[in-house]
Amino acid sequence: MPLQNGHSRLCLSLRVSGRDCQDADGNAESKIPEIAKDHADRLLSDTTPPNQKRISRIGCPSFYSRRLCIRNRQNSRWGFTIARLIYAPGRTRDCTWNCEVKMCEVKMKAFRIWICTFAVLLSACSANGADSKRKIIIDQDAAGPAGSDQQAILLLVQSPQTEVLGITVVTGDAWLTEEVAHTLRTLELIGRTDIPVVPGAEYPLVRTKEETERWEQQYGAVVWLGAWTPRGYHAPRDLGAMPEGMPTTKPANEDAAHFLVRMVRKYPHEVTIYEGGPMTNLALAITIDPEFASLAKELVFMGASLNPQTDDPEFVNAPRHEFNLWFDPEAAHIVLRAPWKTIVCTPVDISLKTRMSMDLINKVKAGTTPVARYIGTYARLYGTYNYLWDELASAAWLDPSLITKKETRYMDVNLDRGAGYGETLTWSDSDKPKRDVQPVEIQVDLDTERFYKMFVNLLTAETPKR
Ligand SMILES: [Ca+2]
């Protein structure tokens with residue numbers, strides 16, 4: 001958190017939320033204010049520039065809030081920094097702290113900055129839980145029960161950081177109708193039926209199953225075809241197996257695209273769009289409302305494949321092939337060209353570095369909460385381990401420090417109807433095309449052990465109430 005030189009006084013306000021924390025026995029953690037205080041003190045001491053001193057502190061009862069005022073007499077420029085620490089869920093020893101920093105630098109007289117300071121503190125003191133949570137819509141090809149799609153949803157729902165505005169569903173790994181049913185049932189089992197499940201696109205914008213079969217005859221078989229995979233194929237409106245039971249709740253009476261548009265217009269620049277499946281719903285939202293992307297806070301998605309180091313047959317001869325982008329290339333093209341403020345990508349390359357092993361499943365299975373029982377009952381390994389595809393995109397959004405290396409590239413999808421149809425295209429600054437392409441923050445490497453700990457902690461924790 002850089003503080004600017006030349007400030008005559010800097011005010012730094014920290015807010016630490018300790019709700020929904022548990023100790024090792026699952027009880028509410030009573031020491032959170034102390035832990036929060038320690039972290040606040042550490043952050044403040046880490047960021048206090050030289051030649052400045054702490055002159056005041058303010059605490060608030062509902063959370064730990066501190067203000068640090070530091071004085072520097074060099075000139076009349078003012079800097080104002082607000083930092084908010086959010087307590088991650090799970091057991092105390094495994095706590096991770098996220099720091100959101102907003103910084104603005106203004107030239108103004110002393111009384112104005114003090115008014116600004118007190119306004120922010122007042123706002124912080126009066127904020128309730130929902131106000132301080134990070135708003136997110138989960139767009140997902142939500143096959144189930146358990147599996148990467150549902151587990152990624154659960155990580156986001158289980159975090160006390162989040163306010164999940166809704167789960168919009170799209171055909172991909174399975175058909176829309178069965179995905180909606182699995183998602184409704186998941187939410188019933190964990191007691192979160194307040195989260196709307198919103199049906200979206202049943203088919204990609206352009207690609208069809210029949211055309212894809214002809215493409216395969218010419219260019220070779222595709223390993224994973226999602227809902228169209230021959231083994232276990234069934235008609236679009238059939239449910240398939242529902243071992244977790246049939247839902248009794250109903251999906252929202254609105255389509256995903258309009259829901260997405262309505263939410264970003266209701267909360268402009270506040271809503272993160274999480275994409276764990278093909279981008280059909282997002283493309284439709286952009287088509288309906290060209291301001292959709294710019295009104296969202298950011299796009300976070302699992303998808304794309306660059307240069308995966310693997311002998312996995314899905315990628316060994318087709319390193320640029322990735323299911324989510326491939327299944328609806330035209331949608332991905334529309335979405336990746338839209339004017340998002342930020343795009344964050346969890347590609348195949350980094351997901352292949354993760355392992356959902358039996359050991360990990362057993363750790364979740366040892367939990368006693370409804371979520372732990374659900375995962376423990378329905379999680380299955382395909383071989384000796386699964387990759388944690390979408391789960392990593394969820395976890396890295398909750399705690400970006402899980403990502404230890406990232407890079408920026410420009411990204412699009414190959415729309416030529418030949419052998420490369422649907423494959424990932426990327427460029428660097430030096431060779432990107434003249435046409436509009438957006439920079440994408442691509443995750444390259446991660447702290448796997450911390451990721452696994454977070455995975456277990458969230459999926460064994462009590463589900464946060466609405
Ligand atoms: Ca998915």
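The conditions are (1) surrounded by fewer than 14 Cβ atoms within 10 Å (Cβ to Cβ); (2) in contact with a Leu (Cβ under 7 Å, 6 or more places away or on another chain); (3) within 30 Å of Val316 (Cβ to Cβ), and Ala221 fails exactly one of them. Which is it?
(2)
Can we say Arg355 is of a type in the set (Lys, Arg) and either closer than 17 Å to Glu423 by Cβ or at pLDDT below 95 (or both)?
Considered against the rule, which asks whether it is of a type in the set (Lys, Arg) and either closer than 17 Å to Glu423 by Cβ or at pLDDT below 95 (or both), Arg355 comes out as no.
From (1) surrounded by fewer than 21 Cβ atoms within 10 Å (Cβ to Cβ); (2) in a helix (DSSP H, G or I); (3) touching a residue at least 12 places away in the same chain (Cβ under 8 Å), pick out the condition that doesn't hold for Glu449.
Every listed condition holds for Glu449 apart from (3).
Quick one: Ala146 ticks every box in (1) closer than 19 Å to Phe301 by Cα; (2) within 16 Å of the ligand (Cβ to nearest atom); (3) of a type outside the set (Asp, Glu) bar one, so which box is it?
The failed condition is (1).
Within the stretch 376-390, track down each residue that is away from the ligand (no atom under 14 Å from the Cβ) and in contact with a Ser or Thr (Cβ under 9 Å, 6 or more places away or on another chain).
If the condition is that a residue be away from the ligand (no atom under 14 Å from the Cβ) and in contact with a Ser or Thr (Cβ under 9 Å, 6 or more places away or on another chain), then Leu381, Thr384, Tyr385 are the ones that fit.
Could you list all residues from the stretch 369-390 that are assigned to a helix (DSSP H, G or I) and either out of contact with any helix residue (DSSP H, G or I) (no Cβ under 6 Å at 6 or more places or on another chain) or modelled with pLDDT under 95 (or both)?
Arg373, Thr377, Tyr378 - these are the residues of the stretch 369-390 that are assigned to a helix (DSSP H, G or I) and either out of contact with any helix residue (DSSP H, G or I) (no Cβ under 6 Å at 6 or more places or on another chain) or modelled with pLDDT under 95 (or both).
May I ask you to list the residues in the stretch 272-288 that are closer than 10 Å to Ile136 by Cα and more than 16 Å from the ligand (Cβ to nearest atom)?
Thr272
Across the stretch 149-184, which residue is nearest to the chain's Cα centre (by Cα) among those that are β-branched (Val, Ile, Thr) and within 13 Å of the ligand (Cβ to nearest atom)?
Ile153
Scan the stretch 127-136 and give yes if some residue there is within 11 Å of the ligand (Cβ to nearest atom) and under 15 Å from the mean Cα position of the chain (by Cα), otherwise no.
no
Scan the stretch 199-218 residue by residue and report those that are surrounded by fewer than 17 Cβ atoms within 10 Å (Cβ to Cβ) and either closer than 29 Å to Gly376 by Cβ or of a type in the set (Lys, Arg) (or both).
Those that are surrounded by fewer than 17 Cβ atoms within 10 Å (Cβ to Cβ) and either closer than 29 Å to Gly376 by Cβ or of a type in the set (Lys, Arg) (or both): Lys209, Arg214.
Inside the stretch 280-305, can you point out the residues that are touching a strand residue (DSSP E or B) at 6+ places or on another chain (Cβ under 6 Å) and part of a loop (DSSP other than H, G, I, E, B)?
Matches in the stretch 280-305: Ala296, Lys297, Ala304, Ser305.
Might you check whether a residue that is more than 18 Å from the chain's Cα centre (by Cα) and of a type in the set (A, V, I, L, M) occurs anywhere in the stretch 290-304?
Within the stretch 290-304 (the criterion being more than 18 Å from the chain's Cα centre (by Cα) and of a type in the set (A, V, I, L, M)), the answer is no, since none of the residues qualifies.
Do we find that Ser159 is out of contact with any Lys or Arg (no Cβ under 6 Å at 6 or more places or on another chain), farther than 18 Å from Glu322 by Cα, in the same structural domain as Thr368 (by TED's automatic domain parsing) and among the polar types (S, T, N, Q) in this structure?
yes
A quick yes/no check of all residues on (1) within 16 Å of the ligand (Cβ to nearest atom); (2) assigned to a helix (DSSP H, G or I); (3) surrounded by fewer than 19 Cβ atoms within 10 Å (Cβ to Cβ); (4) not polar (S, T, N, Q):
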position	(1), (2), (3), (4)
Asn307	no, no, yes, no
Trp326	yes, yes, no, yes
Glu330	no, yes, yes, yes
Gly367	no, no, no, yes
Leu392	yes, yes, no, yes
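Rundown of residues vs (1) touching a residue at least 60 places away in the same chain (Cβ under 8 Å); (2) within 16 Å of the ligand (Cβ to nearest atom), yes/no style:
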residue	(1), (2)
Pro236	yes, no
Val261	no, no
Glu270	yes, no
Pro290	no, no
Ala296	no, no
Val300	yes, yes
Glu314	yes, yes
Glu322	yes, yes
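Can you tell which of Leu415, Leu381 is hydrophobic (A, V, I, L, M, F, W, C), farther than 30 Å from Pro160 by Cβ and surrounded by fewer than 20 Cβ atoms within 10 Å (Cβ to Cβ)?
The conditions single out Leu415.
From the list Thr404, Thr426, which residue is buried (at least 18 other Cβ atoms within 10 Å of the Cβ) and either in contact with a Lys or Arg (Cβ under 6 Å, 6 or more places away or on another chain) or of a type in the set (Ser, Thr, Tyr) (or both)?
That would be Thr426, the only listed residue that is buried (at least 18 other Cβ atoms within 10 Å of the Cβ) and either in contact with a Lys or Arg (Cβ under 6 Å, 6 or more places away or on another chain) or of a type in the set (Ser, Thr, Tyr) (or both).
Yes or no, residue by residue, for (1) of a type in the set (Val, Ile, Thr); (2) out of contact with any helix residue (DSSP H, G or I) (no Cβ under 6 Å at 6 or more places or on another chain); (3) on the phi < 0 side of the Ramachandran plot:
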position	(1), (2), (3)
Arg237	no, no, yes
Asp255	no, yes, yes
Thr272	yes, yes, yes
Phe323	no, yes, yes
Ala338	no, no, yes
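Within the stretch 333-365, count every residue that is of a type outside the set (Ser, Thr, Tyr) and in a loop (DSSP other than H, G, I, E, B).
9
The values are calculated or read from the model by the stated rules, or taken from the named source; none is laboratory data. Computed from a prediction, not measured in an experiment: that's the story for all the values here. Methodologically, a virtual Cβ is constructed for each residue, glycine included, from the backbone with ideal geometry; neighbour enumeration extends over all protein chains shown.
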